[in-house]
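Down below is the structure, laid out as structure tokens.
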Amino acid sequence: SVGMFHVEGLTPEWRDARPNGLAATTIAEADLLATRDRYTTGSEPDVIGLGTPQLSADELRYVAGLLEKYRPRPRVFVFASRAARAEAADAAKRIESLGHLVLVDTCLEVAPMELWAKTTATPSGKGAIYLPTLCGQKVVLEDLEELLRRFA
């Protein structure tokens, strides 16, 4: 069994969640910053990895806009399903036209990131846990937009 959570106003299905009788957990900014600091083990990323879990079509479009806005120096590896890439083909082309990669049907922590990088920056908590253990990576964990702005 896997625990599920919904973030009000953020998780796509949050309106349909049935939290009756379940305890609510409040997460403060200080909690997020402490988690970021705990899992950040590197400083200068060789690559930026997005899509753990894989990005949706809407997220691909959002990321394309951020990449056009910030133009990060490290190459960005974007992971999505084949269906999401097909639905947002325009965004995938925009991402790739900037020199980044859109990879399908795999994800950050099972791709051989160690072949491309010693340090990977990611906004993914899942990636921040698995990259060191599965790929021997150092990690820079940061909010998506801040990460792209910081390494532009």
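The values are calculated or read from the model by the stated rules, or taken from the named source; none is laboratory data. Everything numeric here is computed off the predicted structure, so don't read it as measured data. All Cβ positions, even for glycine, are placed from backbone atoms using ideal geometry, and neighbour counts span all protein chains on display. Accessible surface is based on the protein model in full, side chains and every heavy atom, while ligands, DNA and RNA are left aside. Shrake-Rupley method; radii C 1.70, N 1.55, O 1.52, S 1.80 Å.
Does R73 count as assigned to a loop (DSSP other than H, G, I, E, B) and open to solvent by 10 Å² or more (accessible area, probe 1.4 Å)?
Values: assigned to a loop (DSSP other than H, G, I, E, B): yes; open to solvent by 10 Å² or more (accessible area, probe 1.4 Å): yes.
Answer is yes for this residue.
Residue-by-condition table, conditions (1) touching a residue at least 40 places away in the same chain (Cβ under 8 Å); (2) surrounded by fewer than 22 Cβ atoms within 10 Å (Cβ to Cβ):
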residue	(1), (2)
G51	yes, no
A57	no, yes
V63	yes, no
L67	yes, no
T119	yes, yes
P123	yes, yes
K126	yes, yes
V139	yes, no
L147	yes, no
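Restricting to segment 91-100, give me the number of residues that are in contact (Cβ under 8 Å) with a residue 24 or more places away in the chain and either among the aromatic types (F, W, Y) or surrounded by fewer than 16 Cβ atoms within 10 Å (Cβ to Cβ) (or both). Reasoning before the result, please.
Our first condition is that a residue be in contact (Cβ under 8 Å) with a residue 24 or more places away in the chain; within segment 91-100, this holds for 91-92, 94-95, 98-100.
Now narrow it down to the ones that are either among the aromatic types (F, W, Y) or surrounded by fewer than 16 Cβ atoms within 10 Å (Cβ to Cβ) (or both): 98-99.
Total satisfying the criteria: 2.
Checking L131 against (1) touching a Lys or Arg at 6+ places or on another chain (Cβ under 9 Å); (2) surrounded by fewer than 23 Cβ atoms within 10 Å (Cβ to Cβ); (3) under 17 Å from S43 (Cα atoms), only one condition comes out false. Which one?
Every condition holds for L131 apart from (2).
Within segment 8-26, restricting attention to residues that are among the hydrophobic types (A, V, I, L, M, F, W, C) and loosely packed, with under 10 Cβ neighbours inside 10 Å, which residue is modelled with the highest pLDDT? Walk me through it before giving the result.
Within segment 8-26, the first condition is being among the hydrophobic types (A, V, I, L, M, F, W, C), and the residues that meet it are 10, 14, 17, 22-24.
Still in the list and also loosely packed, with under 10 Cβ neighbours inside 10 Å: 10, 22-24.
Numbers: L10: 83, L22: 80, A23: 80, A24: 79.
So, considering only residues that are among the hydrophobic types (A, V, I, L, M, F, W, C) and loosely packed, with under 10 Cβ neighbours inside 10 Å, the one modelled with the highest pLDDT is L10.
Answer with yes or no whether P45 is outside any helix (DSSP H, G or I), of a type outside the set (S, T, N, Q), out of contact with any Leu (no Cβ under 9 Å at 6 or more places or on another chain) and surrounded by 11 or more Cβ atoms within 10 Å (Cβ to Cβ).
Details: outside any helix (DSSP H, G or I): yes; of a type outside the set (S, T, N, Q): yes; out of contact with any Leu (no Cβ under 9 Å at 6 or more places or on another chain): no; surrounded by 11 or more Cβ atoms within 10 Å (Cβ to Cβ): yes.
In short, no.
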